[in-house]
Amino acid sequence: MDLWQLNVFCKVIELKSFSKAGSAVYLSQPTVSSHIKDLEEGVGCKLIDRMPKEALPTKAGALLYGYAKKLLALRDEAETALAQFQGMIKGRLTIGGSTIPGVYILPRMVGMFTRNYPDVKISLVLGDTGSIIDKIISGDLELGVVGALSEEDGGVHQELLFEDEMRLVIPPSHQWSSKEQVTLDDLQKEPFIIRESGSGTLKSIQQSFEQKGSSIRKLNVAAEMGSTEAVLQAIKAEAGVSILSMLAVSDDVRADRLRTLKIRGVDLTQRFYVTRLKKRTPSPLCKCFLDFLTSRIKVS
């Protein structure tokens, strides 16, 4: 199998489109189709079904996709190792970040790193904590920064990278806008907007409540949202209140679009962890980026 064909194949699967894949790898749609046809003839079975609105892998395509990602990752590691052997830092690295580090920390770190090493290309994948850990375990990501410890039995290695304070977030029009703190009993009476089950923020909230002998099940949940930005917009629309990272709300607080309170007696510290697969030796580029990251971010 040709590695370039596998690269094109993976792009079609990931973007669910021949035309979008072509744009991503700078090829015309007919050329992408030709590559996929050649690959299918080479393996002797159909790999992608063209549906009315998207391209989806067949069962054989889904199977090949897992192996193709591993082959492409190994190619990247080989290129990086050879570059390091020659005294250069270059190559490709795919990392992941859950919402808070992926939106508010890692983009800045990636920018600084690639300015220092212009021959490096880093792809940043965003997702909730659970999905990023799953991608690390599957080998799709070499490194991730997430907002909770893994529940897997020894599959990943995690180290504390930094801490952030969470606060109760309310709209300026809320009855508590003049308060500095409220109690858990107060909070349980208010409509609450919660993050989805895989969220590191949700896990941190649950742990904080459990330390006080309470539970998120006691909250008056009005809605569940799949992202921090969605929660922010819901709070601004006065659909309820929520608990969020100060990193996520600082701009809105400064502009008085939102206000924050403490919850009396509850430690709302959220911890973020560098996460890798235990059995996977980090590539030279991954190690270089990890050293860069940890040298610039200190536990507060």
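Quick one: in the stretch 90-118, which of the residues that are open to solvent by 50 Å² or more (accessible area, probe 1.4 Å) and assigned to a loop (DSSP other than H, G, I, E, B) is modelled with the lowest pLDDT?
Checked the stretch 90-118; the qualifying residue modelled with the lowest pLDDT is LYS90.
Condition check ((1) open to solvent by 40 Å² or more (accessible area, probe 1.4 Å); (2) part of a strand (DSSP E or B); (3) of a type in the set (Gly, Ala, Ser); (4) more than 24 Å from ILE95 (Cα to Cα)) across all residues:
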residue: GLN207; (1), (2), (3), (4): yes, no, no, yes
residue: ARG217; (1), (2), (3), (4): yes, no, no, yes
residue: ALA223; (1), (2), (3), (4): no, yes, yes, yes
residue: ILE235; (1), (2), (3), (4): no, no, no, yes
residue: ARG257; (1), (2), (3), (4): yes, no, no, yes
residue: THR260; (1), (2), (3), (4): no, yes, no, yes
residue: GLN270; (1), (2), (3), (4): no, yes, no, no
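I'm trying to understand the selection: among the residues of the stretch 1-43, which are more than 24 Å from ARG92 (Cβ to Cβ), within 31 Å of the chain's Cα centre (by Cα) and open to solvent by 60 Å² or more (accessible area, probe 1.4 Å)?
Once the filter is applied, which keeps residues that are more than 24 Å from ARG92 (Cβ to Cβ), within 31 Å of the chain's Cα centre (by Cα) and open to solvent by 60 Å² or more (accessible area, probe 1.4 Å), the stretch 1-43 yields only GLN29.
For the stretch 237-255, which residues satisfy the criterion of being in contact (Cβ under 8 Å) with a residue 12 or more places away in the chain, surrounded by fewer than 20 Cβ atoms within 10 Å (Cβ to Cβ) and not hydrophobic (A, V, I, L, M, F, W, C)?
GLU238, ASP252
Within the group ALA78, ALA148, which residue is assigned to a helix (DSSP H, G or I) and not β-branched (Val, Ile, Thr)?
None of the other options fit; the residue is ALA78.
Listed here are the residues, each with its yes/no results for (1) more than 26 Å from the chain's Cα centre (by Cα); (2) modelled with pLDDT of 90 or more.
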position	(1), (2)
PRO172	yes, yes
LYS179	yes, yes
VAL182	yes, yes
ILE205	no, yes
ALA222	no, yes
ALA255	yes, yes
LEU261	yes, yes
THR275	no, yes
LYS278	no, no
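Restricting the search to the stretch 44-62, which residues are surrounded by 14 or more Cβ atoms within 10 Å (Cβ to Cβ) and part of a helix (DSSP H, G or I)?
Across the stretch 44-62, the qualifying residues are ALA60, GLY61.
The values are calculated or read from the model by the stated rules, or taken from the named source; none is laboratory data. The structure displayed is predicted, hence computed values, not measured ones. In this analysis, Cβ positions are derived from the backbone assuming ideal geometry, glycine residues included, and neighbour counts consider all displayed protein chains. SASA here: full protein model, heavy atoms, side chains in, ligands and nucleic acids out. Shrake-Rupley method; radii C 1.70, N 1.55, O 1.52, S 1.80 Å.
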